[in-house]
Amino acid sequence: MEFSGDIKIKVGSRIRQLRKELLLSQESLAFKAGLDRTYIASVENGKRNLSIMSLEKITVALECSMAEFFETFE
């Protein structure tokens with residue numbers, strides 16, 4: 001089975017979408033999640049793999065559950 005980097009782009013786009021809906025800057029999201037702003041930027045741009053623990057921190061900061069986060073994935 002071959003995997004593409006497409007999932008990183010989808011996850012990053014979803015984070016950006018939810019962040020913008022909450023009118024948060026990358027810096028504000030990073031602070032709320034306890035992560036670095038450059039890390040958030042790299043994830044949003046699909047350039048970094050993130051751990052499940054980091055994704056959980058981000059979803060908590062975005063005030064959504066993991067189920068809500070992934071509900072738009074195909």
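The values are calculated or read from the model by the stated rules, or taken from the named source; none is laboratory data. Bear in mind the structure is a predicted one, so any value in this text is a computation, not a measurement. Methodologically, a virtual Cβ is constructed for each residue, glycine included, from the backbone with ideal geometry; neighbour enumeration extends over all protein chains shown. What goes into the accessible areas is simple: the full protein's heavy atoms, side chains included, and nothing from ligands, DNA or RNA. Shrake-Rupley method; radii C 1.70, N 1.55, O 1.52, S 1.80 Å.
Data table
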| quantity | calculated |
| --- | --- |
| Residues being under 20 Å from Asp6 (Cα atoms), among the polar types (S, T, N, Q), more than 10 Å from the chain's Cα centre (by Cα) and open to solvent by less than 80 Å² (accessible area, probe 1.4 Å) - total across the range 43-74 | 1 |
| Residue ID - surrounded by the most Cβ atoms within 10 Å (Cβ to Cβ), chosen from residues in the range 9-25 that are of a type in the set (D, E, K, R) and under 8 Å from the mean Cα position of the chain (by Cα) | Arg14 |
| Those residues of the range 3-59 which are in a helix (DSSP H, G or I), at pLDDT 95 or above and of a type in the set (Asp, Glu), in sequence order | Glu21, Glu27, Glu44, Glu56 |
